[in-house]
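Since the structure comes first, as structure tokens, the remarks are kept for the end.
The values are calculated or read from the model by the stated rules, or taken from the named source; none is laboratory data. Keep in mind it's a predicted model, so treat the numbers as computed, not measured. Cβ sites come from the backbone with ideal geometry, for glycine too, and all protein chains shown count toward neighbours. For accessibility, only protein heavy atoms count, side chains too; no ligands or nucleic acids. Shrake-Rupley method; radii C 1.70, N 1.55, O 1.52, S 1.80 Å.
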Amino acid sequence: MIAIIDYDAGNLKSVEKALLRVGADSVVTRDAGVIERADKVILPGVGAFGEAMEKLKSFRLIDPIYKAIEQQKPFLGICLGLQLLFEYSEEKEGCEGLSVLRGGIKRIPEAPGLKVPHIGWNSLKTKENAALFRGLSEEPYVYFVHSYYLQAEEEAVVAATTEYGVTVHASVEKDNIFACQFHPEKSGETGLAILKNFVEL
């Protein structure tokens, strides 16, 4: 069973529906006991970094997240869920992230012909042997909605990149931790294949 963490940050139902399509049992929850009993955990999310950290604190979800990661459960962050796993975001000065991984979230710089937020499909350059992209084409297309992007400190954790004015660290993998800046649940058959790869870990 997969626990989808509910902290009022959107896209929960679409993640749940996508998991159902790949044959996975999941439950949307903010119950620490349910998260502890789950085989895998997903931290989804759309919205603002600072507000999301406040919600995680107010719902007492930070300890269950750390515990799930320490217990080596496969853990997937999606969009804002990826960003929260890192140390800070330029979106909210002075607000610390979960700091599970090293690096920060930067604002996509303004550039001629480049719209921010970045909304749309982009191809990924994936790292060989990246678990989430197993069996996919070399440059899969996925769907993004974001104004901020990840700059991971450790190059070794970066599983996929895309270009949007800057090089965006679009996916990371380290031990049992996986995360995507894009939305696999909104990325058609490619996204379902990525979620299936996570389910089968």
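What to note about this one:
- For the range 128-147, the set of residues classified as in a strand (DSSP E or B) and surrounded by 22 or more Cβ atoms within 10 Å (Cβ to Cβ) consists of VAL142, PHE144, HIS146, listed by residue number.
- Boolean, ASN197 is at pLDDT 95 or above, within 19 Å of ILE2 (Cβ to Cβ) and among the polar types (S, T, N, Q): yes
- Subset of the range 188-201 [touching a residue at least 60 places away in the same chain (Cβ under 8 Å), over 24 Å from ALA156 (Cβ atoms) and either assigned to a loop (DSSP other than H, G, I, E, B) or in contact with a strand residue (DSSP E or B) (Cβ under 8 Å, 6 or more places away or on another chain) (or both)]: GLY191, VAL199
- Residues in the range 70-97 that are touching a residue at least 40 places away in the same chain (Cβ under 8 Å), of a type outside the set (D, E, K, R) and either assigned to a loop (DSSP other than H, G, I, E, B) or surrounded by fewer than 19 Cβ atoms within 10 Å (Cβ to Cβ) (or both): GLN72, PRO74, CYS79, LEU85, PHE86, CYS95, GLY97.
- Among the residues listed as GLY10, GLY33, the single one being without any contact (Cβ under 8 Å) to a residue 12 or more places away in the chain, out of contact with any helix residue (DSSP H, G or I) (no Cβ under 6 Å at 6 or more places or on another chain), open to solvent by less than 40 Å² (accessible area, probe 1.4 Å) and not polar (S, T, N, Q): GLY33
- Members of the range 176-201 that are among the aliphatic types (A, V, I, L, M) and within 15 Å of the chain's Cα centre (by Cα): ILE177, ALA179, LEU192, ILE194, LEU195, VAL199
- The range 1-55: number of residues that are farther than 13 Å from VAL199 by Cβ, of a type in the set (A, V, I, L, M, F, W, C) and assigned to a helix (DSSP H, G or I): 7
- Positions within the range 99-111 being under 15 Å from LEU56 (Cβ atoms) and touching a residue at least 40 places away in the same chain (Cβ under 8 Å), in sequence order: VAL100
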